[in-house]
1. Of the numbered conditions (1) crowded, with 16+ Cβ neighbours inside 10 Å; (2) within 14 Å of another protein chain (Cβ to nearest Cβ); (3) within 21 Å of residue B:165 (Cβ to Cβ), residue B:84 satisfies every one except a single condition; which is it?
2. Working only within segment A:60-78, note down all residues that are farther than 20 Å from residue A:39 by Cα and more than 14 Å from chain B (Cβ to nearest Cβ).
3. Given the criterion out of contact with any helix residue (DSSP H, G or I) (no Cβ under 7 Å at 6 or more places or on another chain) and farther than 23 Å from residue B:61 by Cα, identify the matching residue among B:294, B:331.
4. Scan segment B:224-251 for residues that are in a strand (DSSP E or B) and within 25 Å of residue B:408 (Cα to Cα) and report the count.
5. Run residue B:368 past the list (1) facing chain A (nearest Cβ under 10 Å); (2) under 20 Å from the mean Cα position of the chain (by Cα); (3) under 25 Å from residue A:49 (Cβ atoms) and report the number of the one that doesn't hold.
6. Going through B:264, B:284, B:322 one at a time, which residue ends up being surrounded by 19 or more Cβ atoms within 10 Å (Cβ to Cβ) and over 19 Å from the mean Cα position of the chain (by Cα)?
7. Return a yes/no flag: does segment B:86-99 have any residue that is free of Cβ contacts under 8 Å to residues at least 40 places away in the same chain and assigned to a strand (DSSP E or B).
8. With (1) modelled with pLDDT of 95 or more; (2) under 14 Å from the mean Cα position of the chain (by Cα) as the list, and residue A:52 as the residue in question, which single condition is left unmet?
């Protein structure tokens, strides 16, 4: 039973690597689709009420996104947007934003 | 800018272009060259910034824009409703110039020569490019409304569908209208720029009337058979908030106008209004529609969705409202910004001798105010589908608001501030 998450993680890694091989800038390009609301490279305009994603811990972003996707976290719009991205894509996006200073 | 400086800049651009073609075939190299972007709206401004940012300054970018500042169409209905000012929706090009070193030229492009990779400017002179991006938005088909096909009629019956002087002028007409007057808005058959925009405008004009001229009416003459966007939410707002003000009339396509009497002429009916606001039928902006690019329905540019490149003219990319949209994809500022990022990534790959990403994704968020504080949204996510060679909406994603609310009214302004910065700061 303990193996299962590892297998899933490996599967995720494989899918991510394949997608990135086809587009080395995939994480950057996917993260850019969030910038309209959350700011260029996740640096939101201060005081405009949008969550800052730049420099946010990857696990924290991923957990939030998973909760939006499952409906566990109430939202006005993110529950609808997050469902448009695969888990692999969200992983790339969260990794990209975590690395932004 | 002096001519000398411009010539020097062109030389640098041409030299960088030559380098790009020398090393272009190697693949996987660093992008270099000169990209000319025509139009500094939601699409073009984003394109200019992202080309500079993602190439880390390796690609020279010239942006040609006819206006001295950016004025946003989104949020402009609040200016027409009287709760925001033009200053609130105006952003300068200084960020693009100073922070991103984009060469911004205030001019009009009058011709494109894809074979010579060159454009001609209205004030004189040509610019050569390695890749060209056209982001001209829409132009109006005034020939479809004969009575509106002259300057005098257009000065009286406004569209205010490009934010700027017409936004101010329409607000003035509404302020000057008597209490008890009729404001009529004509909506063309889809597709047109900003599908929910006309319904939002009707709400905000009605909200203004409710506050200041309560005997007045708003009549929506919709050329479509039904509300094109956010139907349930708009209809609920009309019945809850504006029951005795808004009169919605579907299947009311405008055939002509009598500018002398401010009369809208429909197929079987006529309507005289105190303020007549006609949003005319639209097509790709002139420079995209008249440069020999392949059009669909003689109106919208046919593009390759992996690169935003014209299917007929190599080296010419087209983004924003001017393109033939993918299924369910709206003509919105948000979507133009997303086209720009898809296109910028593709152009940088191509300038470096690599193919564009095979897996692009774009998404849309579109807020509409139904009164001065409450808003509603529609959202969607679209990914490239190899079988149909277009972007398809992701099933199960996207949707509209559960109900109008003030949280989304605040989010709409947060959206505006962030997207303006994403384009221009």
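1. Exception for residue B:84: condition (2).
2. A:63, A:66, A:67, A:72, A:73
3. That would be B:294, the only listed residue that is out of contact with any helix residue (DSSP H, G or I) (no Cβ under 7 Å at 6 or more places or on another chain) and farther than 23 Å from residue B:61 by Cα.
4. 2
5. Of everything listed in (1) facing chain A (nearest Cβ under 10 Å); (2) under 20 Å from the mean Cα position of the chain (by Cα); (3) under 25 Å from residue A:49 (Cβ atoms), residue B:368 misses just condition (1).
6. B:264
7. For segment B:86-99, residues free of Cβ contacts under 8 Å to residues at least 40 places away in the same chain and assigned to a strand (DSSP E or B): present.
8. All conditions pass for residue A:52, except number (1).
The values are calculated or read from the model by the stated rules, or taken from the named source; none is laboratory data. Small disclaimer: the values here were computed from a predicted structure and weren't measured. So basically every Cβ, Gly included, is an ideal-geometry build from the backbone, and we count neighbours across all protein chains shown.
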